[in-house]
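Student: Would you mind keeping the following structure in view while I ask a few things?
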Amino acid sequence: MTALTVARRGLLVLGLPAVLFTVWWFATAGSTDFYFPPLATILESFGKVWTAERLLSDVVPSLLRLAAGYLLAVVVGVGLGLVVGMRRAVRDVLEPVLELFRAIPPPVLIPVIMLFAGIGDTMKVLVIVSGCMWPILLNTVEGVRAVDEVLGDTCRSYGITGVARLRHLVLRAASPQIVTGMRQALSIGIILMVISEMFAASNGLGFTIVQFQRSFAIPEMWSGVLLLGILGFLLSLLFRFAENRALAWYHGLRRAQRNL
């Protein structure tokens, strides 16, 4: 990869955020609105509020809950998706129930989850799981169902069955759609992380933003929103890096097909 290509990609990634921040800066430069302070004021509050101590006490717990809920959703979603996608009878039985639960917005389940999980970290992790699981599950099912029948027949002809077939054929063929579901689930997980921390919490990014709002510390509140956006952006870049490493074979195949 040449330096020009790297610079071009960096410009594409950072160009629009830089433009939006510039517009935000000049659009609010002379603002006297209490609820929409200038970006300069927000950035000043950002440096004062989000110190190392605040990051350790509020941001790190939020990220740990997000990681726990997201990873658990990946395990459940991929595992159940493989079973549903590979077994027609299981799919026929579970599909109506899955569609029913998928239609329920995860924030609505927070009071229900609080009844049996309490108000601690377990509740917050389960809320994240309840929303992140569905895109992973549904994309896994569709990916498994779309496995090439010719490849399946070839595996049977060579006696590749059981775990070997699952590992070398099904998972590899379905992995692009599984990763697509994981990408969708990441953004849902960030949203649910914040929402879950707005209920009976004592720390976390969502809790802190609500506390600033209730105490009318508006610049500090906006600084929390800005930090949340930065974290989402960084997690997206991290996920894209991991995806490019895990699916290098797939992206290489797509590029080869486009060059034909």
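Student: For residue 132, which of the numbered conditions (1) touching a Phe, Trp or Tyr at 6+ places or on another chain (Cβ under 6 Å); (2) exposed (fewer than 15 other Cβ atoms within 10 Å of the Cβ); (3) at pLDDT 85 or above fails to hold?
Tutor: Condition not satisfied by residue 132: (2).
Student: Check segment 140-151 and report whether any residue there is open to solvent by less than 80 Å² (accessible area, probe 1.4 Å), over 23 Å from residue 248 (Cα atoms) and in a helix (DSSP H, G or I).
Tutor: No, there is no match, as no residue in segment 140-151 is open to solvent by less than 80 Å² (accessible area, probe 1.4 Å), over 23 Å from residue 248 (Cα atoms) and in a helix (DSSP H, G or I).
Student: Another question about this same structure. All but one of (1) open to solvent by less than 70 Å² (accessible area, probe 1.4 Å); (2) in contact (Cβ under 8 Å) with a residue 12 or more places away in the chain hold for residue 191; which doesn't?
Tutor: Checking residue 191 against (1) open to solvent by less than 70 Å² (accessible area, probe 1.4 Å); (2) in contact (Cβ under 8 Å) with a residue 12 or more places away in the chain, the one that fails is (1).
Student: Shifting gears a bit: Any idea which residue in segment 177-187 is nearest to residue 236 (Cα to Cα), counting only those that are open to solvent by 60 Å² or more (accessible area, probe 1.4 Å) and without any contact (Cβ under 8 Å) to a residue 60 or more places away in the chain?
Tutor: 187
Student: Looking at this structure, is residue 174 under 24 Å from residue 83 (Cα atoms), crowded, with 18+ Cβ neighbours inside 10 Å and in contact (Cβ under 8 Å) with a residue 12 or more places away in the chain? Lay out the reasoning, then the answer.
Tutor: Values: under 24 Å from residue 83 (Cα atoms): yes; crowded, with 18+ Cβ neighbours inside 10 Å: yes; in contact (Cβ under 8 Å) with a residue 12 or more places away in the chain: yes.
Yes: the conditions hold for residue 174.
Student: Enumerate the pairs (first residue in segment 246-257 and part of a helix (DSSP H, G or I); second residue anywhere and open to solvent by less than 70 Å² (accessible area, probe 1.4 Å)) with beta-carbon separation below 8 Å, excluding pairs fewer than 6 apart on the same chain, so at least 6 apart or on different chains.
Tutor: Listed by first residue and then by second, the contacts come to 246/175; 246/179; 250/175; 250/176.
Student: Among the residues of segment 142-154, are any acidic (Asp, Glu) and either modelled with pLDDT of 90 or more or within 21 Å of residue 79 (Cβ to Cβ) (or both)?
Tutor: Within segment 142-154, one or more residues are acidic (Asp, Glu) and either modelled with pLDDT of 90 or more or within 21 Å of residue 79 (Cβ to Cβ) (or both).
Student: Give the residues of segment 164-188 that are among the charged types (D, E, K, R) and within 11 Å of the chain's Cα centre (by Cα), sorted by residue number.
Tutor: Listed by number, the list holds a single entry, 183.
Student: Residue 115 versus (1) of a type in the set (A, V, I, L, M); (2) more than 26 Å from residue 194 (Cα to Cα); (3) open to solvent by 30 Å² or more (accessible area, probe 1.4 Å): which is the lone unmet condition?
Tutor: Among (1) of a type in the set (A, V, I, L, M); (2) more than 26 Å from residue 194 (Cα to Cα); (3) open to solvent by 30 Å² or more (accessible area, probe 1.4 Å), the lone unmet condition for residue 115 is (2).
Student: Of the numbered conditions (1) within 27 Å of residue 204 (Cβ to Cβ); (2) open to solvent by less than 60 Å² (accessible area, probe 1.4 Å); (3) free of Cβ contacts under 8 Å to residues at least 40 places away in the same chain, residue 24 satisfies every one except a single condition; which is it?
Tutor: (2)
The values are calculated or read from the model by the stated rules, or taken from the named source; none is laboratory data. Computed from a prediction, not measured in an experiment: that's the story for all the values here. So basically every Cβ, Gly included, is an ideal-geometry build from the backbone, and we count neighbours across all protein chains shown. These area figures cover heavy atoms from the full protein model, side chains too; ligands, DNA and RNA do not enter into them. Shrake-Rupley method; radii C 1.70, N 1.55, O 1.52, S 1.80 Å.
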